[in-house]
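**Student:** Take this structure, written in structure tokens, and hold onto it; I'll ask about it next.
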Amino acid sequence: MTGPESEGKQVRRAVCPGSFDPITNGHLDIIARASSLYDEVYVAVMINQSKKGLFEIEERIDLIHQVTAEYGNVRVESFHGLLVDFCKQREIPAIVKGLRAVSDFDYELQMAQMNNGLSGVETLFIPTNPTYSFLSSSLVKEVATWGGDVAHLVPPLVLDALRDRLTQH
């Protein structure tokens, strides 16, 4: 074995959680930045039974695998339930979240404090690249549904999948 574990060092792990329906360039920016800071980055794709996504969980996982393959230290898994349980099972001490605006911070701070209180997991906030400060999966889906150009907002692979899915509906 090579790397930090073979040298007696603890592997630094973090998780980037979300629904990723679909993954956007904003998500990728945060994942890439987390990937440069941690030895292993888990992308945790939330399963929300009460919400029907445009893409099935398996499709999202596949798309994320493909668009993050270049990083080498990114793992993609789905999860259902509390994120802190996902973290505990994988010995992940840190959650990495991108913040687009002050409105994100209000909600995310409450979540961070709850997660820390439940399990001691820390949350690190990374300011979103200003290019993506307005970007969300919901906005991408809405614009694409109405025929707007979202090519600059998602990776080409995701754009193709989005176009295919929307022509089926």
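**Student:** If I build a Gaussian network model for the chain, linking alpha-carbon pairs within less than 10 angstrom, which residue out of 103, 119, 138 has the largest mean-square fluctuation?
**Tutor:** Greatest mean-square fluctuation among the candidates belongs to 103.
**Student:** Ok, one more. Between 42, 116, 57, whose Cα lies farthest towards the positive end of the dipole of the chain when Lys and Arg beta carbons carry +1 and Asp and Glu beta carbons carry -1, centred on the Cα centre?
**Tutor:** 116
**Student:** Given the DSSP H assignment, sum -39500 (n - 2.57) over each helix run of at least 4 residues in the chain and divide by its residue total; what's the result at 222 nm in deg cm²/dmol, nearest 500? Numbers along the way, then the final one.
**Tutor:** On the way: 6 runs with 73 residues, N = 169.
So the calculated ellipticity at 222 nm is -13500 deg cm²/dmol.
**Student:** Within segment 70-89, list the residues whose amide N lies under 19 Å from a label point set 7 Å along Cα→Cβ of residue 118.
**Tutor:** Under cut-off, by backbone N: 77-89.
**Student:** Please sort by residue number the GluC sites (Glu not before Pro) in segment 88-167 whose DSSP state is loop and whose Cβ has at most 10 other Cβ atoms within 10 Å. Intermediate results must be reported in sequence, preceding the final value.
**Tutor:** On the way: sites: 91, 108, 122, 142; in loops: 91.
Passing both the DSSP loop test and the Cβ count: 91.
**Student:** Once you put a point 7 Å from the Cα of residue 167 and another 7 Å from the Cα of residue 11, both along the Cβ direction, what distance in nm separates them?
**Tutor:** With each label point 7 Å from Cα toward Cβ, the separation is 4.1 nm.
**Student:** Amide H of residue 76 versus every other amide H placed in the peptide plane: which residues, excluding those fewer than 5 positions away on the same chain, fall under 5 Å?
**Tutor:** Under 5 Å from the amide H of residue 76: 43.
**Student:** Please report the relative contact order for segment 72-169, taking Cα pairs under 8 Å with a sequence separation of at least 6, and give it as a percent rounded to a whole number.
**Tutor:** Values: 64 pairs, mean separation 22.8, N = 98.
Reported as a whole number, the value is 23 percent.
**Student:** What is the Cα coordinate range of the chain on the first, second and third principal axes, sorted by size from largest, in whole angstrom?
**Tutor:** Principal axes ranked by extent give 52, 38, 32 Å for the Cα atoms.
**Student:** What does the extension gain come out to for residue 126 and residue 59, with contour length at 0.36 nm per residue minus their alpha carbon separation? Provide the component values of the computation, followed by the final result.
**Tutor:** Working: separation 67, 0.36 × 67 = 24.12 nm, distance 2.66 nm.
This chain segment gains 21.5 nm when fully extended.
**Student:** Go through segment 73-83 residue by residue and turn each phi into a ³J(HN,Hα) via Karplus (6.51, -1.76, 1.60, θ = phi - 60°); whole Hz please, and just put x for glycine and proline.
**Tutor:** Each residue of segment 73-83 in turn: 10, 9, 10, 10, 9, 8, 8, 10, x, 7, 4 Hz.
**Student:** Measure nothing fancy, just the Cα-based angle from helix 156-168's long axis to the longest principal axis of the chain, in degrees from 0 to 90, nearest 10.
**Tutor:** 50 degrees
**Student:** What percent does the relative contact order of the chain come to when contacts are Cα pairs within less than 8 Å and at least six residues apart?
**Tutor:** On the way: 229 pairs, mean separation 45.3, N = 169.
Worked out over the chain, it gives 27 percent.
**Student:** May I ask you to compute the full-extension gain from residue 157 to residue 89, defined as 0.36 nm times their residue separation minus their alpha-carbon distance, rounded to one decimal in nm?
**Tutor:** Values: separation 68, 0.36 × 68 = 24.48 nm, distance 3.13 nm.
Between residue 157 and residue 89, full extension yields 21.3 nm more.
**Student:** Next question, about the same structure. Within segment 83-169, list the chymotrypsin sites (Phe, Trp or Tyr not before Pro) lying in a DSSP loop whose Cβ has at most 13 other Cβ atoms in a 10 Å radius.
**Tutor:** Numbers: sites: 86, 105, 107, 125, 132, 134, 146; in loops: 134, 146.
Passing sites in segment 83-169 are 134, 146.
**Student:** Now for a different question. Using +1 at the Cβ of each Lys and Arg and -1 at the Cβ of each Asp and Glu in segment 23-169, identify which of 89, 161, 133 lies farthest towards the dipole's positive end.
**Tutor:** Of the listed residues, the answer is 133.
**Student:** Here's something else I'd like to know. Find, among the chymotrypsin sites (Phe, Trp or Tyr not before Pro) in segment 43-80, those assigned to loop by DSSP (not H, G, I, E, B) with at most 13 other beta-carbon atoms within 10 angstrom.
**Tutor:** Working: sites: 55, 71, 79; in loops: 55.
The qualifying sites: there are none.
**Student:** Given H placed 1.01 Å from N in the peptide plane, which residues other than close sequence neighbours of residue 123 have an amide H under 5 Å from its amide H?
**Tutor:** So residue 123 has HN proximity to 95.
**Student:** Determine the dipole magnitude for the chain: charges of +1 sit on the beta-carbon of Lys and Arg, -1 on that of Asp and Glu, nothing else is charged, the reference point is the Cα centre, and the result goes in debye to the nearest 20. Present the calculation step by step, with values, prior to reporting the outcome.
**Tutor:** On the way: 15 positive and 22 negative charges, 44 e Å.
Dipole about the Cα centre, nearest 20: 200 debye.
**Student:** Could you grab the relative contact order for segment 26-122? Cα pairs under 8 Å, six or more apart, rounded to a whole percent. Each step should come with its number before you reach the end.
**Tutor:** On the way: 79 pairs, mean separation 28.1, N = 97.
Contact order relative to length: 29 percent.
We did not get these values from a lab; they are worked out from the coordinates using the rules stated. Fair warning: this is a prediction, and the values are worked out from it, not measured in the lab. Positions of Cβ are generated from backbone atoms using ideal geometry, with glycine treated the same way; all protein chains shown enter the neighbour counts.
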